[in-house]
Amino acid sequence: MSKKDRLSGNEAVAIAMRQINPDVMPAFPITPSTEIPQYFCNFIANGQVDTEFIPVESEHSAMSACIGASAAGARVVTATSSCGMAYMWEELHVAASDRLPIVMSLVNRALSGPININADHSDAMGAKDTGWIQIFAENNQEAYDNFIQAYPIAEDERVHLPLMVCQDGFITSHAVENIVIEDDVKVKRFVGEYEPEHYLLNENEPLAVGPYSVTNYYFEARRAQDEAMRNVPQVVKEVAERFEATFGRKYGFFEEYRMEDAEYAIVIMGSAAGTMKYYIDKFRENGEKIGLIKIRMFRPFPARELAQALSGVKAVAVMDRAQGFSNAGGPMGAEVVRALYYGKSQAEVINYIYGLGGRDLLEEHAEEILESLKDAAKNGHEDLYRYIGVRGRD
């Protein structure tokens, strides 16, 4: 039966891994994800799982080993952060193009430079177009729940793509919260066994994985990969419905918070969503009609559904915890603007860059954002993007 416990996000994810009992875990330590393989190695040493742990010499090697093990037919897991995932860059594309359902716990941390070990989303946003599914958590419970749902999504025959379960470094990875841990047997039954149709160790079906693809084939392979990504939303929805029926907690592409009559909305992702919900409650007490949408599934991006959810608002603030060097805003800002454009929305959109390198989102920032939304709804605005909470701005 389920039980309540006090756990960090890293502990919660490691427990989900134990309950799933994957076949192989290649990993290399990097702050703040190091605890995940550390906890998991304790489970291996204690005989609680029969996973083969591969201590590699780098993150590039870790993903290379993941690719080999997954191609051989194993259920594979790893964990990394920041520059560690950047070191995997080449192999991330290989894993996705080879259609390997590897699951990775990505504990979000700022990319260098300058060197910083605190939370922002620059690592995940740098990998947003590598072909991996990306699901984000607000808190420790969601990190645990998302990981349980990851394999049924990634391994579905309509998908067969790798998946990143993202949580914010230190804010959730190391902070302790009350969460519900589900029964081991129920989790294992929910996830099921991995039974690949094609794999290298199948002696009855000789095959190659990752061959050289000449001009005659490369384009079609990429199109097929895109078709798999198009199938992801339906599978995410089905897995979430089954998760709710089994464990009672509801998930979707995003969460709508106090959006029922909202005139203004904030779109945000990760742990700062919880902070912003607190501020929105205070604004609501003062009669302000403002709500929030917390993105859970960033890749693939739920453009049509988001445009529908925002169809009744006058102005939207899109909060990016990653810098975009396009001179046109951040990565999520670009996604939301495109969604609203194709949804024929008339809402004003202000893209904010916030929280880089772990900087806090304060109440005074939320108040400034609300006033900016009210002004934009009334008078319009010309800024492609703005910063919030940074020194030295105009």
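Where a number appears in this text, it was derived from the coordinates with a stated rule and is not lab data. Predicted model, so just to flag it, every value in this text is computed and none were measured. Positions of Cβ are generated from backbone atoms using ideal geometry, with glycine treated the same way; all protein chains shown enter the neighbour counts.
Observations on the structure shown:
- Against the chain, whose longest principal axis is taken from its Cα atoms, helix 35-45 shows a tilt of about 30°.
- Proximal charge balance of MET88 [Cβ under 12 Å; K/R count +1, D/E count -1]: -4
- Positive end of the dipole of the chain (Cβ unit charges, origin at the Cα centre): among GLY355, MET164, HIS93, the Cα lying farthest that way belongs to GLY355.
- Between helix 272-285 and the chain: long-axis angle, C-alpha atoms, 0 to 90°, nearest 10: 30 degrees
- Think of each Lys and Arg Cβ as +1 and each Asp and Glu Cβ as -1; about the Cα centre, that makes the dipole of segment 104-227 roughly 380 debye.
- The chain: most fluctuating residue of GLU203, GLU371, GLU285 per GNM, C-alpha cutoff 10 Å: GLU203
- All other residues whose Cβ lies under 12 angstrom from that of GLU367 are scored, Lys and Arg at +1 and Asp and Glu at -1, for a net of -3.
- Near ASP23, once Lys and Arg are set to +1 and Asp and Glu to -1 for all other residues with Cβ below 13 Å from its Cβ, the sum equals -4.
- Listed peptides 1-12, 221-232, 297-308 by packing density, highest first (mean Cβ within 10 Å): 297-308, 1-12, 221-232
- Put the Cα centre of segment 156-234 next to the Cα centre of segment 339-394 and the gap is 35 Å.
- With neighbours defined as other Cβ atoms within 10 Å of a residue's Cβ, the residues PHE219, PHE254, PHE147 order from fewest to most as PHE219, PHE254, PHE147.
- Charges were assigned to the Cβ only: +1 to each Lys and Arg, -1 to each Asp and Glu. The resulting dipole of the chain about its Cα centre is roughly 600 debye.
- Seen from a random direction on average, the alpha-carbon convex hull of the chain projects onto 20.4 square nanometres.
- Label sites at HIS381 and ARG6, each approximated as a point 7 angstrom past Cα along Cα to Cβ, lie 4.1 nm apart.
- In segment 89-202, the inverse of the mean reciprocal separation of distinct Cα atoms equals 15.4 Å; this is its Kirkwood hydrodynamic radius.
- Degrees between helix 331-342 axis and first principal axis of the chain (Cα, 0 to 90, nearest 10): 70 degrees
- One way to sum up the overall shape of segment 237-394 is the equivalent ellipsoid from its Cα gyration tensor, whose semi-axes run 24, 17, 17 Å, largest first.
- For segment 254-387, the Cβ-based charge dipole about the Cα centre amounts to some 500 debye (Lys, Arg positive; Asp, Glu negative; other atoms uncharged).
- Computed over the chain, the per-residue total of -39500 (n - 2.57) for DSSP H runs of n ≥ 4 gives a 222 nm mean residue ellipticity of -13000 deg cm²/dmol, rounded to 500.
- The calculated P(r) of segment 1-87, using every Cα pair and 10 Å bins from 0, goes 18, 49, 28, 5, 0 in percent.
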